[in-house]
Amino acid sequence: MTQTTFVEPMMGKDDVAAMALSRKKQTGMSWQEIARKIGMSPVWTHSAAMGMNSMPPDKAARFVEVMGLPQEAAVVLAEPPTKEWTQAVPTDPCIYRLYEIVAVYGPTIKALIHEEFGDGIMSAIDFDMEISRVPHDKGDRVKVEMTGKFLKYASW
């Protein structure tokens with residue numbers, strides 16, 4: 001009779017994201033604080049922790065240390081992501097409004113990029129973003145500032 005050895009399932013990006021969110025809640029740290037401790041921006045830190053970007057090994061190791069996650073999570077954080085969107089339009093109001101902005105202003109943004117730069121796109125890989133609060137007498141505003149490298153389409 002052969003003996004079967006139980007093998008733990010491999011940890012994936014969703015598992016690490018869930019652990020990171022749980023530890024964030026337990027520690028009470030903000031994304032701003034976590035990002036500062038690993039030397040990255042809050043936007044990038046959250047995105048990478050949620051599995052949408054890969055962390056360089058040194059940042060992954062530091063993130064795991066800061067968050068008190070198992071060491072094997074660093075390997076997962078450093079893996080390239082698979083970006084899949086299975087939901088056509090999210091129902092979360094904040095995320096839905098961002099989709100709405102792109103739906104309404106996407107063609108305008110595209111036209112103005114082409115007018116200013118030529119035929120091409122804004123990179124989402126060589127990219128950065130900042131989110132900040134702007135005081136306003138009608139109520140504070142959310143400022144989302146994105147910059148991405150312009151990538152010209154190749155001519156054949």
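Here the condition is being of a type in the set (Lys, Arg), closer than 27 Å to residue 49 by Cα and part of a loop (DSSP other than H, G, I, E, B); of 143, 83, 138, it holds for 83 alone. Among the residues of region 87-97, those identified as part of a loop (DSSP other than H, G, I, E, B) and either of a type outside the set (S, T, N, Q) or at pLDDT 75 or above (or both) are 88, 89, 90, 91, 92. Tell me which residues, restricted to region 32-44, are assigned to a helix (DSSP H, G or I), buried (at least 17 other Cβ atoms within 10 Å of the Cβ) and free of Cβ contacts under 8 Å to residues at least 60 places away in the same chain. Correct list: 34, 35, 38.
How many residues are more than 19 Å from residue 144 (Cβ to Cβ), surrounded by 10 or more Cβ atoms within 10 Å (Cβ to Cβ) and under 17 Å from the mean Cα position of the chain (by Cα) if we restrict to region 74-102? So the count comes out to 6.
The values are calculated or read from the model by the stated rules, or taken from the named source; none is laboratory data. Here the structure is a predicted model, which is why all the values come from computation and not from measurement. A quick note on method: Cβ atoms are made from the backbone with ideal geometry, for glycine too, and the neighbour counts reach across all protein chains shown.
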